[in-house]
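Student: Before I ask anything, let me first share the structure, which is written out below as structure tokens.
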């Protein structure tokens, strides 16, 4: 199950959405690690998601490599302004308008030497996904278990979904279907881990009787969370795609 941790984080950056959903407002924190490793949770990554009425902020203690020479430590989605802010430094970010997203992907492909993007075949939901009928309470939310068969014998993924948290991802819907499906190799179909009617609180990858990956929501707060995380600081410097390209070619000299 190659690069499943990175894929899981990126999934939250360019995700599927529904419409007509009452937006959940609050903060959810995840811990992501391999329980089967010698250090276990000692190598854990953390992921913080903050939702307000029109904005979503996602950050992690692991940098996300967007392209050569560019790593993002967080992503701010501003549905009200129809743009994304890739937080590249404490006081600097890359602003990408919805209309510029395809240009950014083209730049990524050119720099990384990727020439062939393609649309994947439809996912085999009927044969790969099943509801087990099991339920448990996670963070006070009733959650239901679904399983996803792996490509190899002894591999499968369990996803625990709750319908007590519903998110309208807004702007990210177009981003995922226009660019994300051809850029990232996801082992979990995006509609399973995130849709307009449920939210994943626990995802585990199983291989030969062991849990080799766990993404677990460890806290949820919808009352007194820090809404300011979805706002940019007054000292934040925003770069555009032109600035990005100039900086990149300057580094190549």
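Student: If residue 119 satisfies every condition in (1) farther than 29 Å from residue 146 by Cβ; (2) in a loop (DSSP other than H, G, I, E, B); (3) modelled with pLDDT under 80 but one, which is the exception?
Tutor: (1)
Student: Next up: Just the residues that are surrounded by fewer than 13 Cβ atoms within 10 Å (Cβ to Cβ) and not in a strand (DSSP E or B), please, taken from the range 218-237.
Tutor: 222, 223, 224, 226, 228, 233, 234, 235, listed by residue number.
Student: Is it the case that some residue within the range 198-217 is modelled with pLDDT under 70 and either part of a strand (DSSP E or B) or surrounded by 15 or more Cβ atoms within 10 Å (Cβ to Cβ) (or both)? Quick ask: steps written out before the conclusion?
Tutor: Here is the first cut: in the range 198-217, the residues modelled with pLDDT under 70 are none.
No; the residues of the range 198-217 include none that is modelled with pLDDT under 70 and either part of a strand (DSSP E or B) or surrounded by 15 or more Cβ atoms within 10 Å (Cβ to Cβ) (or both).
Student: Mind checking which pairs have a first residue in the range 130-142 that is touching a residue at least 60 places away in the same chain (Cβ under 8 Å) and a second that is surrounded by 12 or more Cβ atoms within 10 Å (Cβ to Cβ) and outside any strand (DSSP E or B), Cβ under 9 Å, 6 or more apart or different chains?
Tutor: Close Cβ pairs (under 9 Å, with a partner that is surrounded by 12 or more Cβ atoms within 10 Å (Cβ to Cβ) and outside any strand (DSSP E or B)) amount to 140/164; 141/163; 141/164; 141/165.
Yes or no, residue by residue, for (1) over 23 Å from residue 53 (Cβ atoms); (2) more than 16 Å from the chain's Cα centre (by Cα); (3) modelled with pLDDT of 95 or more; (4) part of a strand (DSSP E or B):
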site: 137; (1), (2), (3), (4): yes, yes, yes, yes
site: 147; (1), (2), (3), (4): yes, yes, no, yes
site: 166; (1), (2), (3), (4): no, no, no, no
site: 169; (1), (2), (3), (4): no, no, no, no
site: 174; (1), (2), (3), (4): no, no, no, no
site: 187; (1), (2), (3), (4): yes, no, no, no
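Matching residues to (1) modelled with pLDDT of 90 or more; (2) part of a loop (DSSP other than H, G, I, E, B); (3) under 30 Å from residue 156 (Cβ atoms):
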residue: 7; (1), (2), (3): no, no, yes
residue: 17; (1), (2), (3): no, yes, yes
residue: 22; (1), (2), (3): no, yes, no
residue: 49; (1), (2), (3): yes, no, yes
residue: 62; (1), (2), (3): no, no, yes
residue: 76; (1), (2), (3): yes, no, no
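Student: Inside the range 78-98, can you point out the residues that are farther than 11 Å from residue 239 by Cα and not in a loop (DSSP other than H, G, I, E, B)?
Tutor: Within the range 78-98, 78, 83, 84, 89, 97, 98 meet the criteria.
The values are calculated or read from the model by the stated rules, or taken from the named source; none is laboratory data. What you see is a predicted model, and the numbers here were worked out from it, not measured in a lab. For neighbour counting, all protein chains shown are included, and Cβ atoms are generated from backbone atoms with ideal geometry for every residue, glycine included.
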